[in-house]
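These notes are about the structure you will find just below.
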C-alpha cells in the first residue's frame, strides 16, 4: 500500500462524528506496503504455508470462521508460534465476550429502569438481587476479585455453586460456567408462569477467563509482549492491525486493546454531516483505497498468492476487522449512530449468520448500537445467529426480549400483508 | 489522498447536496390499491401513507413517541383521559385548515362498524373523543393508559372531504385521491399503477425530496437492474438471493429493513373439509418447505406465527418434518383413499384452489412449486393469481378461497391477535380455538413481560398444533438505495417515517 493510502486509512478511522476532534490527533500510521499481513500472505504464500505447518491448519480454519474456542483447543503445544496462535484465539474470544458483557450490562440497566418506571418491577424474589448483581457486572472495570465479591455480596446461599464456577472461569477454567449458563439462576412461580433469570455476569466472567488464557499463552507479558519480539504472521493474520509496527505504535499510545486497529487519528469533518452520513462517506473512501490495494496485490501475486487473496477473502477480512474495531471505539465514546453505520457497511449481508466476514463481535456491537438507539427489537434480531454458536447468550436474549416486550407494552400493534 | 483532500471531498459533497435535490423513485412489488388509511391492509399502502398522512404522534429515530400533529398532551391522574393540544397552522393538501374536528371525525370513522375499517382494532382502546374548540381534543379511554401517546399514531383524515358521515365506503374517491397533512401530496395515481407525489408547499415542516414516485415492479430481477442502471433510487425489499450482487455494486448501499415478516400457506377453515386437522397436517407434511424456499434464497424456516428472533417464538416446538408417508396415513385417517395417483373422498378427487397475489414473481414461483409437490402426491391444485382489488374482495371480505399463499408483516409488538383470535379482523382463514382466544386476551392484558412471553409462547405451541397454516419462513430483509440518497434512516416497519430528512443528490 502506498504511504498516502496509509495516511488516509489512519485519517478515516479516527474521524469523530461531530465537528471537533475529541482529542489530539495522532500521526497517521506509516504503513510499509508489504509489511501488512494481507500482503505477506499474498506476496509470500510460502510464509502462509509455513504458518499452517508450524501450528494447525484446523486451528486456523476455526479461527478464520470465528470459532475461537475450537481454535484454542487446536493450537496445542509449547512452540512460540503455537502459543501466539493460542493467544490470538483467546484474545479474540475475550473481545467477543467483552462485547457481549457490555450489551448484557446495558440491557439489564435499561430493563431495570424501564420496569421500575412502570411501577411493576418485582419487589420480591430474585429480581432485585439479580438486578443489583447485573449492575456490578456491567462495570467494565470489574476484575476477578471484584466479580467474586459481587457474588459474595448477594448472600444467596444456593448461588454459591455458581460463584464457584465464576471463580474457576476468571482463572481460565471456563467450561463449567459455559455448561451452567443455559440453566436459570432463579426460577420462581409467577401468576400462571415461571419467572426465570439467568446469570447476568456470565459474559463478564468469560471475558476475564479468556483474558487469563491469553495472558497464559503469551506469558510473561501478555499482549504487550508481542511487540517486544517477532510476532510472526500468526500474530497478525486476520487481525485489525496490519503490521507489527502498527500494533506497537497503538500499544505505545495506550490505545485500549480492544480498539487497536480502529482508532488511529482524528479528522475534522463538516459540522452539518450526520454521523451516519460521515461514516458512510468514510467507508466509501476506504473501499476505494482497498480496491486499488487489492488490485495491486493481485497483479504482483505469485502462483498461489492470488488464490489465497480470493479464497480467504483477505482484503475483505481486514476491512471488516478494521471497521469492527472502529465501531467498538465509537461505542466506547458514545457514538452509536456512527458505530451502527460502520457495522452495517461491514456486514456481509449475503451470509445471514456468523461467517468469516461476520464475526460474533460484529453482531454484538451492532446489537449494542441498536439498543443504545432505542431499536431494541432489531437488536434481538441481530443476535439471533449467535443462539446456536454461543448458547451462553440465552440469558442475554431472554433479558433483551423482556425489554422488548416492556417497551412495546403500551403500543397498539400493527400488521399488514406484504 | 490526504486528510485535507478528504475533508475537501466531504465538503464538496455537502455543497452538492445543498445546491439542488433530485426526486426519489422507489419500487414496490405490489402497488397500493387503496390509499385511504381506514382501509390499509398492505405494507405498500402503509409505506405510501407514511409520506402523505400524519398522526397525532409519531416515532422519533430512537422509536420514542413524539408529537407530530399534536403539540402537547396531558393525562389525567387516573390515566383514563388525555387532553391533546393540536399543532396550529397545519393545512391539508387542499389548503383547508387542520382542526380538532378532523381528529374526532377520524376516530369515529375508524370505529364506525359500518366503515368496517381494517384498522379499527388499533383504536379499540378509545371510549370517546370530543373537540374542545378548534385545537383541543379530549380522549377518554376504556382502561387506564400508561402511555397513550404510544397508541395515537394512527393517521388523521380530513373531515371536510367525507360529507359529514363517519360511515366511510371503501370505494370513496379518497382511495385514489388522498389528501393528508404530510410532506408530500399525491398528484397522480397512474394507469400503470405508479403513484406520483410532490413536495407539499404548504407543509409546516421541512422536507428535502421535491418529488417521490412509487413504481410497481413485480419482477425482482428487474427491480435490481433498474436500481443498478439508475432508473430507481430505492428498492424497498431485496430478496436474499440478490443481496450479494447489490452489496458488491459500489453505487448501491444496503440498509437493514428489519420487519418481522413471515410467509405462510393458510387453509380456509370456513370450509368444512379444512376443519379436519388431519387434512391440514397432511398437506403440511407433503410439502418440502426447504425446496420451496430455495429459489428465493436463504431464510429461517418457522414452526409457528412468530419470527425466530421474537421473544414470543417457542423454540421447543418441533419443526414440521417433510414426511409423505405419515401424510398419507393422515389422509387415510381423514377418509381419503388413493385411487390410482389421486386422493379421493366420497367419489370426488381431492382438489384445492391455491390463491396468491398476481404479478408477484416470488409468490408465483412458490405457488407453482407447491402445485408440483402436491400434485405429485395425488392432490390436484388449481392456481389462482388475483389482482389487488380482487384479493381484498375474495380473501378479506368474501373468504372465497381454499388455500392462500401470503405474508404477514408485524411491527415490534408482534401482536397476532387480529390473525388468530376468532374475532380478529385479519383472521380470514377463520381459525377458531377458544383456548387460543383466551390466551390472546390474557396476553393483551398482561403487564409483566415474562408473563406475556410465557402466554404467547403457549399460543405458538397451540397454533402450531392446530396447523391452521403451513408456516413457511422469514427472510432477512434489506432495502437497497443509490449512494446518492443521503441521510437515510429506515423505520423498521413504516420505512418512510423519517424520509423528510432524506436527500437525493442530483
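The values are calculated or read from the model by the stated rules, or taken from the named source; none is laboratory data. Since this is a predicted model, take the numbers as computed values, not measurements. All Cβ positions, glycine included, derive from the backbone under ideal geometry; neighbour counts span all protein chains shown.
Listing for the model above:
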quantity	calculated
Residue tally, condition part of a strand (DSSP E or B) and within 14 Å of another protein chain (Cβ to nearest Cβ), over the stretch B:136-164	3
Meets criteria (closer than 22 Å to residue A:380 by Cα and either touching a residue at least 40 places away in the same chain (Cβ under 8 Å) or under 21 Å from the mean Cα position of the chain (by Cα) (or both)) for residue A:116	no
Matching entry among B:321, B:325 (being modelled with pLDDT of 95 or more and over 30 Å from residue B:450 (Cβ atoms))	B:325
Residue within the stretch B:246-263 that is within 11 Å of another protein chain (Cβ to nearest Cβ), at pLDDT 95 or above and surrounded by 23 or more Cβ atoms within 10 Å (Cβ to Cβ) present	yes
Per-region count, the stretch A:346-355, residues surrounded by 19 or more Cβ atoms within 10 Å (Cβ to Cβ) and within 16 Å of the chain's Cα centre (by Cα)	3
Evaluation of residue A:105 against (1) in contact with a helix residue (DSSP H, G or I) (Cβ under 8 Å, 6 or more places away or on another chain); (2) without any contact (Cβ under 8 Å) to a residue 12 or more places away in the chain; (3) closer than 22 Å to residue A:397 by Cβ (one fails), failing number	(2)
Filtered residues of the stretch A:168-191 (kept if touching a helix residue (DSSP H, G or I) at 6+ places or on another chain (Cβ under 7 Å) and within 27 Å of residue B:439 (Cα to Cα))	A:186, A:190, A:191
Within the stretch B:457-506, tally of residues that are within 12 Å of chain A (Cβ to nearest Cβ), on the phi < 0 side of the Ramachandran plot and assigned to a strand (DSSP E or B)	11
Selection status of residue A:393, more than 7 Å from chain B (Cβ to nearest Cβ), under 30 Å from residue A:176 (Cα atoms) and under 13 Å from the mean Cα position of the chain (by Cα)	no
Among (1) within 11 Å of chain A (Cβ to nearest Cβ); (2) within 24 Å of the chain's Cα centre (by Cα); (3) closer than 30 Å to residue B:145 by Cα, the one test that residue B:391 misses	(3)
Test: residue in the stretch B:266-280 that is within 14 Å of another protein chain (Cβ to nearest Cβ), in contact (Cβ under 8 Å) with a residue 12 or more places away in the chain and either under 21 Å from the mean Cα position of the chain (by Cα) or buried (at least 22 other Cβ atoms within 10 Å of the Cβ) (or both)	yes
Within the stretch B:36-52, considering residues that are assigned to a loop (DSSP other than H, G, I, E, B) and within 14 Å of chain A (Cβ to nearest Cβ), the one nearest to residue B:497 (Cα to Cα)	B:40
Residue within the stretch B:69-86 that is in a loop (DSSP other than H, G, I, E, B) and crowded, with 21+ Cβ neighbours inside 10 Å present	yes
Residue count, the stretch B:182-208 (criterion: in contact with a strand residue (DSSP E or B) (Cβ under 7 Å, 6 or more places away or on another chain), part of a loop (DSSP other than H, G, I, E, B) and farther than 23 Å from residue B:358 by Cα)	5
Selected residue [within 24 Å of the chain's Cα centre (by Cα), crowded, with 18+ Cβ neighbours inside 10 Å and at pLDDT 95 or above] from B:494, B:478	B:494
Some residue of the stretch B:405-420 being within 14 Å of chain A (Cβ to nearest Cβ), more than 30 Å from residue B:151 (Cβ to Cβ) and at pLDDT 95 or above	yes
Residue within the stretch B:408-419 that is over 29 Å from residue A:408 (Cβ atoms) and outside any helix (DSSP H, G or I) present	no
Residues of the stretch B:375-385 that turn out to be buried (at least 18 other Cβ atoms within 10 Å of the Cβ) and touching a helix residue (DSSP H, G or I) at 6+ places or on another chain (Cβ under 8 Å), as a count	3
Test: residue in the stretch B:440-449 that is in contact with a helix residue (DSSP H, G or I) (Cβ under 6 Å, 6 or more places away or on another chain) and within 20 Å of residue B:270 (Cβ to Cβ)	yes
Filtered residue count, the stretch B:292-317, keeping only those that are surrounded by fewer than 19 Cβ atoms within 10 Å (Cβ to Cβ), more than 14 Å from every other protein chain (Cβ to nearest Cβ) and either touching a helix residue (DSSP H, G or I) at 6+ places or on another chain (Cβ under 6 Å) or at pLDDT 95 or above (or both)	2
Set A:411, A:377: member being within 9 Å of chain B (Cβ to nearest Cβ) and modelled with pLDDT of 95 or more	A:377
Qualifying residue in the stretch B:319-338 (condition: part of a strand (DSSP E or B) and in the same structural domain as residue B:423 (by TED's automatic domain parsing))	yes
Filtered residue count, the stretch A:119-167, keeping only those that are over 23 Å from residue A:189 (Cα atoms), surrounded by 15 or more Cβ atoms within 10 Å (Cβ to Cβ) and in contact (Cβ under 8 Å) with a residue 12 or more places away in the chain	14
Residue in the stretch B:230-242 that is touching a residue at least 24 places away in the same chain (Cβ under 8 Å), over 23 Å from the mean Cα position of the chain (by Cα) and either buried (at least 19 other Cβ atoms within 10 Å of the Cβ) or within 14 Å of chain A (Cβ to nearest Cβ) (or both) present	no
Residue check for residue B:442: free of Cβ contacts under 8 Å to residues at least 24 places away in the same chain and not in a helix (DSSP H, G or I)	no
Residues of the stretch B:341-359 classified as surrounded by fewer than 16 Cβ atoms within 10 Å (Cβ to Cβ) and within 33 Å of the chain's Cα centre (by Cα), total	2
Scope the stretch A:169-221; condition within 14 Å of chain B (Cβ to nearest Cβ) and in a helix (DSSP H, G or I); matching residues	none
Residues (part of a loop (DSSP other than H, G, I, E, B) and farther than 22 Å from residue A:376 by Cβ) located in the stretch B:284-303	B:287, B:288, B:294, B:295, B:296, B:297, B:298, B:303
Filter pass, residue B:454 being assigned to a helix (DSSP H, G or I), without any contact (Cβ under 8 Å) to a residue 12 or more places away in the chain and either within 21 Å of residue A:409 (Cβ to Cβ) or within 14 Å of chain A (Cβ to nearest Cβ) (or both)	yes
